[in-house]
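Each remark here refers to the structure printed beneath this line.
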Amino acid sequence: MPVSRLPLLSEAHRIPRTWLTARRHPGRLVATRVSTEAITVEIKKAIITAAGKTQRTLPLQALVDRDGQSKAALRILIEEILSAGIEEICVVVCPGDQAAYGAAAGGLGSRLQFVEQRDSLGYGHAVSCARAFAGARPFLLLVGDHLYVSGAQKRSAQQLVEIAAAENCAVSAVQATHESKLPHYGAVGGLLAPGRKGVYQVSEVLEKPTPTEAEQRLVVPGLRAGHYLCFFGMHVLTPAVMELLEQDARQAEGRSVALTRALAGLARRERYLACELEARRYDIGVKYGLLTAQLALALDGQDREEVLSGLVDLLARRAARG
């Protein structure tokens, strides 16, 4: 369900002090008034997390991009970010990985800053490692093991950044995902925002829920049965998230610091939306993920007919062998 074009809010309404948000009570969602300090969402910084033990080499993998050129996944991701008007990019890496990432970025390596995650304390901790880089500004957050193919003229990151600026709040990109994929993603629940196609007011955030948990807490009216709004690997977040992550770290007592807990807190503290973009995500860290991402990029690019011809020939040969 692609999002419709959103009108810019008037200056008088760009920074609301209060709004109605959905809150889940047994068996129903009810509206609750939430207040916040004034914020202005102008996104000029981006953070890429790439320090996970099973993730750190994935952004270095080579693919052929839409333009027919071989590039590291990291380079493709950087180009995605720059298309959204981002000026500064920070990559959270394992100690010692800076040189490999700088090389993988090719001619765009000079655009990167690096910060190390020295302890494996979770995804939320990785994000918080870039707190000094983000400062008191909103930021675009991406994971290093996802690639994106847009179904519109604008790339995915540009779509999300423009929606966050128009709505003047934090927005997470989501994708309707079958319950069989829930072990791989965080997911949200909520209600469709009035007058907005594919935009939801977030009421619940769960990390890798079971199908039973999702059915009880994350059902979103209008989605197909057995499908839930799972994270897209791309968020625009406000500085409050860094504060919430710091609070979670103080209370962690040996457990990992989870971004999903911070996002759940954000939904209680500020206006926080989820949005279906006119795009698809491809997780290159799952089985056949790199292959699927390569096919999606190829079929979206200048060599589409050649790739289709090759696939038809391959399938015909397989069929001939019985």
Exactly one of Arg261, Arg280, Arg224, Arg268 is in a loop (DSSP other than H, G, I, E, B), surrounded by fewer than 24 Cβ atoms within 10 Å (Cβ to Cβ) and not hydrophobic (A, V, I, L, M, F, W, C), and that residue is Arg224
Complete set of residues in the stretch 86-129 that are of a type in the set (Asp, Glu) and farther than 28 Å from Gln159 by Cβ: Asp97, Glu116, Asp119
Which numbered condition Arg111 misses (of (1) touching a Lys or Arg at 6+ places or on another chain (Cβ under 6 Å); (2) surrounded by fewer than 17 Cβ atoms within 10 Å (Cβ to Cβ)): (1)
Odd one out for Glu243 among (1) surrounded by 16 or more Cβ atoms within 10 Å (Cβ to Cβ); (2) touching a residue at least 12 places away in the same chain (Cβ under 8 Å): (2)
Please go through the stretch 258-301 and pick out each residue that is under 15 Å from the mean Cα position of the chain (by Cα), within 24 Å of Pro194 (Cβ to Cβ) and not aliphatic (A, V, I, L, M). Tyr272, Cys275, Glu276, Glu278
For the stretch 150-187, name all the residues that are under 21 Å from Thr260 (Cα atoms) and in a strand (DSSP E or B). Ala170, Val171, Ser172, Ala173, Val174, Gln175, Ala176, Thr177, His178, Gly186, Ala187
Return the pairs, sorted by first residue and then second, in which the second residue is part of a strand (DSSP E or B) and among the charged types (D, E, K, R), the first residue lies in the stretch 42-68 and is closer than 14 Å to Val143 by Cα, the beta carbons are less than 8 Å apart, and the residues are 6+ apart or on different chains. Ala46/Glu88; Ala51/Glu116
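To keep it simple, each residue is scored yes or no on (1) in contact with a Leu (Cβ under 6 Å, 6 or more places away or on another chain); (2) modelled with pLDDT of 95 or more; (3) buried (at least 19 other Cβ atoms within 10 Å of the Cβ); (4) aliphatic (A, V, I, L, M).
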| residue | (1), (2), (3), (4) |
| --- | --- |
| Ala38 | no, no, no, yes |
| Ile48 | yes, yes, yes, yes |
| Pro59 | yes, yes, yes, no |
| Leu74 | no, yes, yes, yes |
| Glu80 | no, yes, yes, no |
Near pairs, Cβ below 9 angstrom, 6+ apart or cross-chain, from the stretch 97-112 (at positive phi) to any residue that is buried (at least 17 other Cβ atoms within 10 Å of the Cβ) and among the small types (Gly, Ala, Ser): Gly106/Ala72
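Does Ala249 fit the bill of being in contact (Cβ under 8 Å) with a residue 40 or more places away in the chain, in a strand (DSSP E or B) and either out of contact with any Lys or Arg (no Cβ under 8 Å at 6 or more places or on another chain) or surrounded by 16 or more Cβ atoms within 10 Å (Cβ to Cβ) (or both)? Spell out how you get there, then give the answer.
Values: in contact (Cβ under 8 Å) with a residue 40 or more places away in the chain: yes; in a strand (DSSP E or B): no; either out of contact with any Lys or Arg (no Cβ under 8 Å at 6 or more places or on another chain) or surrounded by 16 or more Cβ atoms within 10 Å (Cβ to Cβ) (or both): yes.
It is false that Ala249 is in contact (Cβ under 8 Å) with a residue 40 or more places away in the chain, in a strand (DSSP E or B) and either out of contact with any Lys or Arg (no Cβ under 8 Å at 6 or more places or on another chain) or surrounded by 16 or more Cβ atoms within 10 Å (Cβ to Cβ) (or both).
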Just to be sure I understand, how many residues within the stretch 198-209 are out of contact with any helix residue (DSSP H, G or I) (no Cβ under 7 Å at 6 or more places or on another chain) and either assigned to a strand (DSSP E or B) or of a type in the set (S, T, N, Q) (or both)? 3
Among the numbered criteria (1) in contact (Cβ under 8 Å) with a residue 60 or more places away in the chain; (2) closer than 15 Å to Leu277 by Cα; (3) in contact with a Pro (Cβ under 8 Å, 6 or more places away or on another chain); (4) surrounded by fewer than 22 Cβ atoms within 10 Å (Cβ to Cβ), which single criterion is violated by Ala164? (4)
In the stretch 239-271, what count of residues is obtained for those that are more than 16 Å from Tyr123 (Cα to Cα) and basic (Lys, Arg)? 3
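The values are calculated or read from the model by the stated rules, or taken from the named source; none is laboratory data. Everything quoted here is computed from the prediction, not taken from an experiment. Neighbour counts run over all protein chains shown; Cβ positions are idealised from the backbone, glycine included.
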